[in-house]
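Read-outs throughout are calculated quantities, based only on the coordinates presented, and are distinct from any laboratory measurement. It should be emphasised that the depicted structure is a prediction, and the values quoted were computed from it without experimental measurement. Positions of Cβ are generated from backbone atoms using ideal geometry, with glycine treated the same way; all protein chains shown enter the neighbour counts.
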Amino acid sequence: MKKVMVYFIVCVLSGLFLPSCLENQMADNKRNFDWGKNSAAMVQQLRTYGIKDVRVLKAMSTIRRHKFIPEEYLGLVASYGDHPCPIGYNQTISQPYIVAYMTEKLNVQPGERVLEIGTGSGYQAAVLAELGAQVYSIEIIPELADHARKVLAAEGYERVKVLAGDGYKGWPEYSPFDAIIVTCAPEDIPQNLVNQLKEGGRMILPLGGSGRQRLVILQKKEGRIQKTDDLPVRFVPMVHGS
Ligand code: SAH
């Protein structure tokens, strides 16, 4: 009886006071989790935060973000809440706003060849693929690379190529790239990545390793790099392979 009462009170209070992220979390734990509703709420929030590119918003409303979170981490935090979610190995799937912001800034066009450094869960790679890019993604933790490869294929993004390796080397076989997105933070701009960028190509990366970081947008023009500083951010450091 006591249990029923507590449950009732929680239900009533949740309807009245719980913030939407907590509601999402509870929804996440339900058997019939309505991912479409959660995804629509996430996209609506991205709009209010100022994301305008309808292609990015559409891509993010189409992709089943919760599928990219390994089973054992699912439901710990709301998959569609505006925060990073743990994916194991001390890594996270980036916060939806950052994914949307970086993707919008990169202005990816269908058919472009895009390199991602830091595959993690594979979610950002799926967003780029949904925009019609040919995506190459490098992840230094082999188990995460495997997980991402499997989820991407299962979700219909089998054209995304995932390499388990050190992103500092880039992926010379498939270079030059129209665009490069780095989702872990190096101390300095990796020269190999600059070399693998096409003339006119764009690169977005968080710069600053484990210290203060800022998003930086680079463009290659006549062989030279133009650099624009953007938002302060917080990413995991880009580690050096052995
Ligand atoms: N883009 C991911 C989130 C990235 S988290 C997503 O959508 O889920 C950052 C990832 O960068 C981690 O998985 C980490 O292992 C990876 N990483 C760190 N240093 C790296 C390096 N030198 N090369 C490739 N990946 C690296």
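For the chain, modelled as a GNM whose springs connect Cα atoms under 10 angstrom apart, the maximal fluctuation among Ala148, Ala179, Ala164 occurs at Ala164. Mind pulling the angle between the C-alpha long axis of helix 96-106 and the longest principal axis of the chain? Nearest 10 degrees, somewhere in 0 to 90. Helix 96-106 sits at roughly 30 degrees to that axis.
Mean-square fluctuations from a GNM of the chain, with a 10 angstrom spring cutoff on Cα atoms, peak among Thr103, Thr119, Thr48 at Thr48.
When the alpha carbon gyration tensor of the chain is reduced to an equivalent ellipsoid, the three semi-axes, largest first, read 34, 18, 17 Å. From helices alone, the chain scores -10500 deg cm²/dmol at 222 nm; the rule is -39500 (n - 2.57) for each run of n ≥ 4 DSSP H residues, then divide by the residue total. Angle of helix 35-48 to the longest C-alpha principal axis of the chain, folded into 0 to 90 degrees and rounded to 10: 60°.
Annotation for segment 153-182: trypsin sites (Lys or Arg not before Pro) lying in DSSP loop with at most 12 further Cβ atoms inside 10 Å of their Cβ are Arg159.
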